[in-house]
Amino acid sequence: MGKKNKLLKFAEINTFSNVYQHDESMKGHWVDAFDNSRPLVLELACGKGEYTLGLAELYPDRNYLGLDVKGNRIWRGAKTGLEKGLANAAFLRCEITSIERYFEPGEVDELWITFPDPQLRDGKAKHRLVHPRFLEKYRVVAGSGAILNLKTDSDEFFAYAHEVIAQENLEILEDCADVYAWEERPPEMDIRTFYEAMWLKEGKKIKYLRFRL
């Protein structure tokens, strides 16, 4: 039944107007996809797209694009986006390691990474989404002074992000070790992914970093 459901999702996602699958022809043409020239914000490794959709609802004056390699994950977010009529939310199925193939330099204005795999095993640092090799890719597609937002439950990943920021001498705009103790937090901090809800039930503190690339 699981395999059958996955195949049904793959078939359905091909009909979704808000999904682009490994479509390199969109490079330089995201203005046409959204039919406007509003700022373009990416959610990297978006999973089911809870943050992509939540941000799109909060800020209709911006365009949001969730990126993930797993089509069955994107299916959920894309379907919900269509059901809600969110014209400023879409999804791109692709590998983050090849992000430059899908965007022209400076085409992206801001990026979000929410609850990524911390890749804590020895030798896995280069796979962390804030590793310098990834930051360099983000700089290629993002405009000058573009901002990266990181939300995580992992103390180790949070510490590693600080190490990279210090190493690259980047400007930190927000640094919060406990989002829900932040009394005047912006509304986007209250968007909860499936994993965030799970970690909160386990008593973990949610951390947030906002910095310039």
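The values are calculated or read from the model by the stated rules, or taken from the named source; none is laboratory data. Source: prediction; values computed, not measured. Cβ placement follows ideal geometry from the backbone for every residue including glycine, while neighbour counts extend to all protein chains displayed.
A few remarks follow.
- Flag for F134 being closer than 21 Å to H22 by Cα and surrounded by 13 or more Cβ atoms within 10 Å (Cβ to Cβ): yes
- Cβ pairs under 8 Å, 6+ apart, first in segment 74-94 and more than 18 Å from R192 (Cα to Cα), second basic (K, R) and at pLDDT below 95: W75/K9; R93/K70
- Qualifying residues in segment 66-118 (those that are among the acidic types (D, E) and at pLDDT 95 or above) - the one farthest from R38 (Cα to Cα): E95
- L148 vs. criteria closer than 30 Å to K9 by Cα and in contact (Cβ under 8 Å) with a residue 60 or more places away in the chain: no
- Taken as a whole, the structure leaves L209 outside the set of residues that are closer than 17 Å to E110 by Cα, in contact with a helix residue (DSSP H, G or I) (Cβ under 9 Å, 6 or more places away or on another chain), assigned to a loop (DSSP other than H, G, I, E, B) and at pLDDT 95 or above.
Rundown of residues vs (1) in contact with an Asp or Glu (Cβ under 9 Å, 6 or more places away or on another chain); (2) assigned by TED's automatic domain parsing to the domain that holds R139; (3) aliphatic (A, V, I, L, M), yes/no style:
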{"residue": "I13", "(1), (2), (3)": "no, no, yes"}
{"residue": "S25", "(1), (2), (3)": "no, no, no"}
{"residue": "L40", "(1), (2), (3)": "yes, no, yes"}
{"residue": "E83", "(1), (2), (3)": "no, no, no"}
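- Counting only residues that are in contact (Cβ under 8 Å) with a residue 40 or more places away in the chain and assigned to a helix (DSSP H, G or I), segment 181-202 holds 6 of them.
- Screening F115 on (1) over 15 Å from the mean Cα position of the chain (by Cα); (2) at positive phi shows it passes everything except condition (1).
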